[in-house]
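A short reminder: the numbers here are calculations on the coordinates, not readings from a lab. Here the structure is a predicted model, which means the values were calculated and not measured. We place every Cβ from the backbone using ideal geometry, glycine too, and count neighbours over all the protein chains shown.
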Amino acid sequence: MRFKFTDEQEAFRGEVNAFLKDALPSDWEGADNAIDDESYEFGREFLKKLAPQRWIAPAWPKQYGGLELSHWDQVVYNEAMGYARAPIVNTAAVGYLGPTIILYGNDEQKAQHLPGITSGEVVWCQGYSEPNSGSDLASLQTRAVADGDEFILNGQKIWTSQAHYADWMFVIARTDPDAPKHRGISYFLMDMKTPGVSVRPLINMANGEGFNEVFFDNVRIPKTGLLGELNRGWYIATTTLDFERSALGGSAGVQRTLEDLTRFAKAESDGAGGRLWDKPLVRHALADLWVSLDVTKMLSYRVVSMQARGLVPNYEASIIKVFSTDLIQKQARVGLGIMGLYGGLWGDGPWAKLRGRLAKSYVATVGTAIAGGTTEIQRNIIAQRGLGLPRQ
């Protein structure tokens, strides 16, 4: 079987590539894994270039700023963006929240929130994990208590990506403490400028400034901020997670780095009169990465085919999450092994191989086995919902 995009889709890929060539600097190699103020502002400016094309969320309905592209057209777009290592800001809103609002939001919520995402004006963050509720997310303790036409929110979230930049947060909180833990949670849309919200940065070991702790002290959310039914937020939240784990077109960025690493091995001396490429272990390690890349791509295409048929992937998305996480970590690990000691250098200096990209990835991608649901949780989902295995 041969997978092939249509001529129209390949023409669209060429259109996106031409746009990226004009919109990005000529020497663009992609942003670092660590997000700082400069790279964030560059990403916001890039969003504003995408907005007139309706390319921030091209698969969304036209009334909300999209183009109603098919799922496969979206893959073509994502692959072009990923391969170019285009700056990505507001992923949580475009990839996870927006589709969730389209599914569960009322007309007023759609009109209020979706246009701001597709215009690039409003940035969102995700309020899920808590200090004692990560893998067992349903044990969260942040509380929202009804008070007239408002809910009063108290508690804490952690590992909140880009909360220090975000305008709004989608946050889940316990609204019925007496109900079973999965049935007493609600899903809220909250303005980050609301009094009582405070943000404290968390610097990761890659020197990244993306994570934060967020504290809620009697934060008042209007009842219009409740998404879906009261106490049914867990099921909406898991839908959001399924969108997060699908990673459509996410393999394209891995492919470009793997191409760079393969060219490096073919050109670099092994220190003994030959090339690194001449060593069987190097070739075999690279071949294994290329095979894993193709598997990841096919798993992603499986999810796309389901979505194109109106299905909502569940354990299939978890399969991609596990496999793609393993691939990006393995690529960094193998790449550093191939490049030797010089591969561990960061920055743009002459001794930092491939601009230190794999060294940064090696450190930064440790958290990918945790973010979006740990690898262990994903394997439980695959076992129980995919294979039908018992919980015990």
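Rounded, prolate or oblate: pick one for the stretch 250-331, where a ≥ b ≥ c are the square roots of the eigenvalues of its C-alpha gyration tensor, a/c under 1.5 means rounded, and failing that, prolate if a/b is larger than b/c, else oblate. It is prolate, given that a/c is not under 1.5 and a/b is the larger ratio. Spin-label pair VAL366-ALA287: with each label point 7 Å from Cα along the Cα-Cβ axis, the two points sit 3.3 nm from one another.
With 0.36 nm allotted per residue and the present C-alpha distance subtracted, the ARG385-TYR235 stretch has 52.5 nm of extension available. Taking 23 Å as the limit for the C-alpha separation, the pairs LYS330/LYS353; LYS21/LYS49; LYS49/LYS223; LYS62/LYS193 exceed it in the case of LYS49/LYS223; LYS62/LYS193. Taking the inverse of the mean 1/r over every pair of distinct Cα atoms in the stretch 125-231 gives a Kirkwood hydrodynamic radius of 13.9 Å. Between SER26 and GLN112, the modelled labels are 4.8 nm apart [label points 7 Å from Cα along Cα→Cβ]. Once both labels are positioned 7 Å from their Cα atoms along Cα-to-Cβ, the gap between MET205 and LYS4 label points is 4.7 nm. Rounded to the nearest 10 degrees, the angle from helix 280-308 to the longest Cα principal axis of the chain is 30 degrees. With R₀ set to 41 Å, the beta-carbon distance separating GLU15 from SER135 gives a calculated FRET efficiency near 0.45.
For the chain, leaving out every one of the trypsin sites (Lys or Arg not before Pro) that falls in a DSSP loop and has at most 12 other Cβ atoms within 10 Å, the longest unbroken run is 5-192. For the chain, the mean residue ellipticity at 222 nm estimated from helices alone is -13500 deg cm²/dmol, where every DSSP H run of n ≥ 4 contributes -39500 (n - 2.57) and the total is divided by all residues, rounded to the nearest 500. Relative to the current alpha-carbon distance between ASN154 and ASP167, full extension at 0.36 nm per residue lengthens the span by 2.8 nm.
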